[in-house]
Structures are given as structure tokens and as C-alpha cells.
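Taking it in order: structure first as C-alpha cells, then the write-up.
The values are calculated or read from the model by the stated rules, or taken from the named source; none is laboratory data. Note that the structure is predicted; figures quoted are calculated from it, not measured. All Cβ positions, glycine included, derive from the backbone under ideal geometry; neighbour counts span all protein chains shown.
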Amino acid sequence: MHASGGIGIANLPNQRHKIVTKLGSNFTVMVVGESGLGKTTFINTMFTTSIVEPKDPNQRLKKQTERTVDISVTKAEVEEKMFKVKLSIVDTPGFGDYVDNSECWLPVVDFIENQYESYLRQEQQPSRKGIIDMRVHACLYFIRPTGHTLKPLDVLAMKAIGSRVNLIPVIAKADTLSPAALKLFKKRVMDVISAQNINIYCPPVESEDESTTVRNKDIVAATPYAIIGSLDEVETADGRKVIGRQYPWGVAEVENDLHCDFKKLRSLLIRTHMLDLVSTTEDVHYDKYRSQQMKTRKFGEAKPKKGDNKLFKDEEEALRKRFTEQVKMEENRFRQWEQSLISERDRLNKDLEAEHTLVKQLENEIESLQTANSPKQFFKR
Ligand SMILES: Nc1nc2c(ncn2[C@@H]2O[C@H](COP(=O)(O)OP(=O)(O)OP(=O)(O)O)[C@@H](O)[C@H]2O)c(=O)[nH]1
Ligand SMILES: [Mg+2]
């Protein structure tokens, strides 16, 4: 646990504790974005910095930071006083590895919807015990630190994701931009987000407690969160040992508010707004999914399979055609064969009849011959 006072769930008022337990104690964060932006490194940084104090430092949850090729989930149990939260972080392969990147976010959208679907099906079961809930509560979208603006691909992907889940934009590798360039870039990104009507997560700010409101305002003002990911402990010029990235000109510190917004983002996720992320997921995003699904299908009915791949559809159509033709051909062949069998039987029957008549005729002849040669006749002569 991080030195400065835990993950905060135990700090919530009592009534909220109950909501947390009622809503279930799963919390799932997903990381998404172009390849090589440090998504996997970010996950490792989260686990290294504060979430779990590993009993054995060698057994830290550490993912290999090679290129991620599949959606994978890292789980950790976060415990504070008597409250346990099962934290899952979903890592996804980066976009932009293919010649055609259009709709490369579809696997992400599918993953999000599959979790809603799975929860929906379990919710309809008579026994709701042991329900597995992997609904995504927050999706961090990694933006390349170009210093210019959002790419069209980012806009489309963020639109698709933001309409389904709490979307939190982050600027990756913030250490590669100067503070002034970062400030300008943040503004440009926010301008595009509002101009394009991209739905991003807006944390509630107002609170009864003055200092909480100030802190919330501070957190919201930092969107999109600039982050630095690192696993290395390095020494600063003034002799402190910190997690950060060493450069000839100095150290970019992960947990320093002057260098990046890592602490604010971590705080938003697992300290100040975890509960809000959970309840907006339940009340807004999941509810939207459920009502959309319920409009188109009956209670308990499975989700219809998507048949929207044109290539597969054409192939399926051609196969069906070929199959029907083949069945027709076989049927014809069978009918012809049956016909020939019938005529053969008729022919044989006729033959048999002719033989029969012949036999009858011969018998008659024999009989008449026999009567002609009988002794009676002979004597009469
Ligand atoms: N300068 C800088 N480099 C970073 C930062 N975070 C990660 N990197 C480096 O960027 C490279 C790619 O990092 P990954 O974490 O594998 O990136 P990824 O987004 O998971 O990539 P894919 O799995 O291919 O999508 C690694 O060499 C990291 O060391 C950062 O904050 N600043
Ligand atoms: Mg990765």
C-alpha cells in the first residue's frame, strides 16, 4: 500500500461501504491505444508503485513488455481494512499494426459488450450467487504524444468506446514533450474531444467537503492525464530514489505532479472516484446496453450472432447454393434409378406372365393329348 493513506474505500462514509459491497467488489480497468505507447508498462507501473505491496519483491506482478498480441487480464486483490476489491487490469494489443487499421478497435468494443452480455445472462439466472462480473469500469485511451492533435483513427475509436464505457483519455510518454508543448497538446486534444462530441468520463466535482471539491477540481483540470510509465528505480539529482526514467538532463519522475499526472490518474481510479466509476458503469453504460438488447429480444434469449462480415456471408451463401444444387442432382438421380427399377420390374412381370400363359397352354395341350389317348377311347374304336 502506498504510504499516504491507502486506497480510500475505507475512508468513505459507512453508507457508501454498503453500496460498494452491494455492487460487488470487482473493479476492472482496460488500457487501449496504438501499439508501443506504453500500455503494458503502465500496468506494471501501477502494480509496482502502490496497489499491492508484494510480500516477496521478486514475485511482483510483472508482465513481459514485449508487444502485446492478445487481450489479457492481470488480477490483484486490493485490501484495505476489511474491504477487498478485486482489481483486474485488461491489457489489449495496440492498434496500428496492420495495413488497414479501420475498425481495429472492434475487438475492444466486443470485449466490453461481451462482459455486459455475460453479466446480463447471469443476472437472468434464478441463482445470482457467485456471479462473475468483468464489466469494464474505466477504459484508458492512450494518445500518442505527437504535440499536434488527435488522429482520425483516435477520434473514431474514442467515439466507439466512449459511447459504451467510462472513457479516460491519457497522453502517453509525457516525458517526451516539454511542459509547454504538453500544455498546448492537452488543450488541442480537449478541443477535438468537444468538437467531435466524444463522450469521455466526467468525474463529479462538487462535494460537501471544501477540500475534496478543490482536490476533485484539480483532478478534472488535468484531463487528458499525462503519464509516464517506468519500472526502474533511479536516483534524482538531489539524491532521492524514485520510480522514473533517467535522461542525461535529469529524471522524469512517475510520482511527481510536476512531471506528470500519474498520481492524479491513480487517485481518480482507485481512491477518489472508484465508486462513481462503478455506479456510472452500472446505471448508465450497462443500463443502456441492457435496454438496447431488451428491445430486440425476448427475456432469456441469447444474443443473436453477428453476421455482418460480408466475406463470410458471401461464402456462406455460395456454399448453401452449391449444397442445394447437389441435393437436387442426387434426388434426380435417385428418381431416375427408381423409375428404371419400376420399368424393369414391369418388364419382368410381363415376362413372367407370358411364361405363365405358355405353361398353362402346354398343360392344356398335354391334357387334351392324354384324353385323346385314353384306353376308353381306344376301346371305343
Ligand atoms: N519515454 C517513454 N517510454 C515509455 C514510457 N512507457 C513505456 N515506454 C517504452 O515504450 C516501449 C513500449 O512499451 P509497451 O508498454 O510495450 O507498449 P504497449 O502500448 O504495451 O505496446 P503494444 O503491446 O504493442 O500495444 C517500451 O520500450 C517502454 O519502455 C514512457 O512513459 N515514456
Ligand atoms: Mg502491450
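When you look at ILE132, is it loosely packed, with under 14 Cβ neighbours inside 10 Å and not charged (D, E, K, R), yes or no?
yes
State all residues of the range 156-179 that are in contact (Cβ under 8 Å) with a residue 24 or more places away in the chain, surrounded by fewer than 19 Cβ atoms within 10 Å (Cβ to Cβ), out of contact with any helix residue (DSSP H, G or I) (no Cβ under 7 Å at 6 or more places or on another chain) and part of a helix (DSSP H, G or I); if no residue qualifies, say none.
LEU156, LYS159, THR176
Could you figure out which of (1) under 15 Å from the mean Cα position of the chain (by Cα); (2) at pLDDT 80 or above isn't true of GLU103?
(2)
Going through ALA237, ALA195, ALA221 one at a time, which residue ends up being within 17 Å of CYS260 (Cα to Cα) and either β-branched (Val, Ile, Thr) or assigned by TED's automatic domain parsing to the domain that holds ASP276 (or both)?
ALA221
Residue check, ASP276 against (1) surrounded by 21 or more Cβ atoms within 10 Å (Cβ to Cβ); (2) closer than 27 Å to LYS84 by Cβ, all met but one. Which one?
(1)
TRP249 passes all but one of (1) in contact with a His (Cβ under 9 Å, 6 or more places away or on another chain); (2) of a type in the set (Phe, Trp, Tyr); (3) without any contact (Cβ under 8 Å) to a residue 12 or more places away in the chain; which number fails?
Against the list (1) in contact with a His (Cβ under 9 Å, 6 or more places away or on another chain); (2) of a type in the set (Phe, Trp, Tyr); (3) without any contact (Cβ under 8 Å) to a residue 12 or more places away in the chain, TRP249 comes up short only on (1).
Considering only residues that are assigned to a loop (DSSP other than H, G, I, E, B), of a type outside the set (D, E, K, R) and at pLDDT 80 or above, look in the range 59-100 and name the one that is farthest from ligand 2 (Cβ to nearest atom).
Among those that are assigned to a loop (DSSP other than H, G, I, E, B), of a type outside the set (D, E, K, R) and at pLDDT 80 or above, it is ILE71.
Report, by residue number, each residue of the range 218-245 that is loosely packed, with under 14 Cβ neighbours inside 10 Å and more than 19 Å from ALA138 (Cβ to Cβ).
ASP232, GLU233, GLU235, ALA237, ASP238, GLY239, ARG240, LYS241 - these are the residues of the range 218-245 that are loosely packed, with under 14 Cβ neighbours inside 10 Å and more than 19 Å from ALA138 (Cβ to Cβ).
Any idea which residue in the range 132-177 is nearest to ligand 1 (Cβ to nearest atom), counting only those that are hydroxyl-bearing (Ser, Thr, Tyr) and within 17 Å of MET190 (Cβ to Cβ)?
Here the residue is TYR141.
Can you name every residue in the range 336-381 that is modelled with pLDDT of 90 or more and among the basic types (Lys, Arg)?
ARG345, ARG347, LYS350, LYS360
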